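Everything below concerns the one structure shown next.
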Amino acid sequence: MAEYVSIAQAREMSGLRVVLPPAPGPWAESLKGILHVKKIPYVRALHEVGTPSLELQQWTAQTSSPVMAWNDERPRTVWNDQLYLAERIAPLPQLLPPDIEERALMFGMANELMGETGLVWSLRVLAIRRGQTNLKLNEKARAMVDFLAAKYQHGVPGEAERASLRASRIILMFGERLQRQRQDGSHFLIGNELSALDIYWAASAAMIQPLPPELCDMPRWLRTTYTANDPRVVEAVRPELLEHRDFIYRQYLQLPLDF
Ligand SMILES: N[C@@H](CCC(=O)N[C@@H](CS)C(=O)NCC(=O)O)C(=O)O
């Protein structure tokens, strides 16, 4: 396990502290990827998902992770604010396309992955449904799944069906974009350079098919819960999309994952 301080300790420190779960959550892995590419050092603070933390609540006025805290500035709790802060701390390599239209496209597409009702949100709805129907979960895992289901209102009737439609539509859009980019001779989702979107895609794909155990050592129940089996979602995933995830991890990100 990676080294973590407590949230209370992190609050007292300066420099960059990042509150993270001890699991490969897509929001957390995206932020770790961005910090890795930019070589920004940070201290990790542990967030046990499923146990609402009073300390995190008092510090950040919310209880999810990742959170990025830079010196005594307001903590950043949302992915796009976190990207801007990382760009400010280490402007190079730039992960925001310099061209304004490409940048607008990048944020629109990234929101389809990371935003509320986006891909990761929707795959979490489906993962929670899988978790709740998996009789093999231990007590702690079941409590976490039930906690997330309640917090994000994932039990609302019809939500799994809507999530499956949303997720598959987004995956299809990424597949089409990747194909066009490849035809234009690019290895990346936007333009001809690595952008944050490639990192968001790579991390989000964990909730379609996690990296193999030797690269991502996660408990078996979590791997089963993360692995997409919704027929519409599975059908939407072209092999190129997982190849792109593997390319981004191999070339730019830290392997094996550590959390
Ligand atoms: N606030 C993040 C989303 C992060 C998020 O949803 N985190 C979840 C991952 S399951 C979490 O920590 N939930 C547990 C909790 O809120 O206690 C963003 O929009 O960028």
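FYI, it's all coordinate maths here, none of it is from the lab. Just so it is clear, the model here is predicted, and its values are computed rather than measured. Heads up, the Cβs are rebuilt from the backbone with ideal geometry, glycines too, and the neighbour counts pull from every protein chain shown.
Each of I100, N134, M207 was placed along the dipole of the range 100-252 (beta-carbon charges, centred on the mean Cα), and the one lying farthest toward the positive end is N134.
Every Cα-Cα pair of the chain was included, and the share exceeding 23 Å stands at 51 percent. Between the range 147-224 and the range 89-125, what's the alpha-carbon centroid distance in Å? The distance from the Cα centre of the range 147-224 to that of the range 89-125 comes to 12 Å. Let's test the formula: R0 of 41 Å, r as the Cβ-Cβ distance of E101 and T51. What FRET efficiency results, to the nearest 0.05? Approximately 0.40, to the nearest 0.05. For the listed peptides 80-87, 31-38, a ranking on the average number of other beta carbons within 10 Å per residue, highest first, reads 31-38, 80-87. Percent of Cα-Cα pairs more than 14 Å apart in the range 1-89, please. Roughly 59 percent, once rounded to a whole number. Every pair of different Cα atoms in the range 59-125 enters the Kirkwood calculation, which places the hydrodynamic radius at 13.4 Å.
Projecting label points 7 angstrom from Cα along Cα→Cβ for N80 and Q153 puts them 2.1 nm apart. Taking a ≥ b ≥ c as the square roots of the eigenvalues of the alpha carbon gyration tensor, the range 71-174 is oblate, as a/c is not under 1.5 and a/b does not beat b/c.
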